[in-house]
Amino acid sequence: MRNFSYCNPTRILFGAGQIASLGQLIPADSRVLVTHGGGSILQNGVWQQVEQALAGHRISRFAGIEANPQYTTLLRAVDQARREHCDFILAVGDGAVIDGSKFIAAALAYPGEPFDLLSGSKPKAAVPMGCVLTLAATGSESNVNSVVSRRATGEKLAFASEHVYPRFAVLDPSVLASLPDRQLVNGLADAFVHVCEQYLTQPGQTPVQTGYAEVLLNTLHDLAQRFDMRREPEWLESLMWSANQALNGLIGQGVVQDWATHRIGHEFTARYGLDHARTLTLVQPALLRETLPEKQARLERMGARVFGLTGEGEQLARGTIVALEAFYRALGLPVCLRDTDIEDVDCASHILEALKQHNMLPLGESGCIDAERAARILADACR
Ligand code: NZQ
Ligand code: ZN
């Protein structure tokens, strides 16, 4: 196991009715900027609950943080927060809203150009923030990551800082009831791939992390098998908690991590606007076929422990990739380009070019994916 230092300070309030606690979670003398996306929270009753819970607080509202939050939109929120002297950010929404709010919180406390935060400068502070999660997928509600898009340059950029850990995250699974099936499927797949990025690497002596990763993979796999029960409270609870645990930092401590599927996937979203989770299921099977020599032992283990496959060696590892594709396909997720709406015969070369331009290569847990191997992965995925 590698050395690590881990402290996740986000208080989780889980369960129905927990939005009512917001009044006690945010200091009474705060001036709160409530951030959200499009209209969903105004239609599903979440906004009314937030407004009621914060009746004693001074609040202002910033609407319109897009899926794949745009840098220019977030700068407008920073301006509003400054104008209105806000000293607490409450993000009410999905991964995009929470990621965007982390950027706003860091930018408000940053003395230089906000864009520096997305090009390597580490924030030294951030305005405190909390969140009410409305879509189970990213784990952003209790992690250090934020991904921001810049339409003008076709970039999707990330930063990570302990200063943007939310102070609290309200996880009320009943708010997931208004999600369309597409978003439930996306969330399930995103969480599944988050675990894979921390599990499908070189085997190490990390039985606790490995074992818990398998519990999460099995839970998500089971939810997919029982997709017809997706409107049951018990199903939504399990999705919300497993997606949180998949990327709250815990299973990744002390282990070798990959994230190549995510890096390549981000380029597909930046260029074609494909949903984040769908980029992952598009890229991952091809990436696993290419890196099978490096990942064979873990693929074999995943095949046996998650998909219940028998056999051994390379044949079992290949069987795992076939099972993984079938798992995604059964949920209606793409596993190659023709499963998507993207019509670009030069797609593979455009994505390869973007990876080079954004200095993403080499990729993979051991830097084994160079330009040549990335080209093979993309040729395979872009069938
Ligand atoms: O804008 P509104 O009207 O609210 O609609 C949203 C949005 O269109 C809708 N929605 C959210 N909650 C709802 C709801 N509709 C009905 N009922 C509800 N309760 O859902 C749509 C999709 O939102 P989006 O933000 O795309 O979803 P997600 O949570 O999957 O977030 C994806 C973003 O997170 C980033 C991705 O790159 C992408 O930008 N990621 C963040 C990570 C992190 N912070 O650790 C890790 C991930 O790997 C990922 O990169
Ligand atoms: Zn993801």
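Looking only at residues in segment 78-95 that are in a helix (DSSP H, G or I) and touching a Leu at 6+ places or on another chain (Cβ under 9 Å), which one is farthest from ligand 1 (Cβ to nearest atom)? Reasoning before the result, please.
Taking segment 78-95 as the starting set, the residues that turn out to be in a helix (DSSP H, G or I) are 78-83, 95.
In the following step, the residues that additionally are touching a Leu at 6+ places or on another chain (Cβ under 9 Å) were identified as 78, 80-82, 95.
Details: VAL78: 18, GLN80: 18, ALA81: 20, ARG82: 24, GLY95: 3 Å.
Checked segment 78-95; the qualifying residue farthest from ligand 1 (Cβ to nearest atom) is ARG82.
How many of the residues making up segment 38-77 are part of a helix (DSSP H, G or I) and under 30 Å from GLY265 (Cα atoms)?
Final tally of qualifying residues: 9.
Determine which member of the set ARG150, ARG167 is at pLDDT 95 or above, among the basic types (Lys, Arg), more than 18 Å from VAL195 (Cα to Cα) and surrounded by fewer than 24 Cβ atoms within 10 Å (Cβ to Cβ).
Matching residue, one of ARG150, ARG167: ARG167.
Could you please find all residues in segment 44-77 being under 15 Å from ILE104 (Cβ atoms), polar (S, T, N, Q) and within 16 Å of ligand 1 (Cβ to nearest atom)?
Within segment 44-77, GLN70, THR72, THR73 qualify.
Scan segment 250-258 and give yes if some residue there is touching a helix residue (DSSP H, G or I) at 6+ places or on another chain (Cβ under 6 Å) and assigned to a helix (DSSP H, G or I), otherwise no.
No: segment 250-258 contains no residue that is touching a helix residue (DSSP H, G or I) at 6+ places or on another chain (Cβ under 6 Å) and assigned to a helix (DSSP H, G or I).
Find the residue count for segment 254-270, including only residues that are surrounded by fewer than 18 Cβ atoms within 10 Å (Cβ to Cβ) and either of a type in the set (Gly, Ala, Ser) or more than 16 Å from ligand 2 (Cβ to nearest atom) (or both).
Number of matching residues: 2.
Given the conditions (1) within 9 Å of ligand 1 (Cβ to nearest atom); (2) of a type outside the set (Gly, Ala, Ser); (3) assigned to a helix (DSSP H, G or I); (4) out of contact with any strand residue (DSSP E or B) (no Cβ under 7 Å at 6 or more places or on another chain), and given that THR138 satisfies all but one, which numbered condition is not satisfied?
(3)
Out of everything in segment 179-200 that is more than 12 Å from ligand 2 (Cβ to nearest atom) and assigned to a helix (DSSP H, G or I), what residue ends up being nearest to VAL306 (Cα to Cα)?
From segment 179-200, those more than 12 Å from ligand 2 (Cβ to nearest atom) are 179-185, 199-200; that's our starting set.
With assigned to a helix (DSSP H, G or I) added as a condition, the list becomes 181-185, 199.
Numbers: ASP181: 24, ARG182: 24, GLN183: 23, LEU184: 21, VAL185: 18, TYR199: 12 Å.
Out of the qualifying residues, it is TYR199.
Can you tell me which residues in segment 15-44 are closer than 22 Å to TRP241 by Cβ and either touching a residue at least 60 places away in the same chain (Cβ under 8 Å) or not hydrophobic (A, V, I, L, M, F, W, C) (or both)?
Those that are closer than 22 Å to TRP241 by Cβ and either touching a residue at least 60 places away in the same chain (Cβ under 8 Å) or not hydrophobic (A, V, I, L, M, F, W, C) (or both): GLY15, ALA16, GLY17, GLN18, ILE19, SER21, LEU22, LEU25, SER40, ILE41, ASN44.
The values are calculated or read from the model by the stated rules, or taken from the named source; none is laboratory data. Keep in mind that what you see is a predicted model, and the values were worked out from it rather than measured. Positions of Cβ are backbone-derived with ideal geometry, glycine not excepted, and every protein chain shown enters the neighbour counts.
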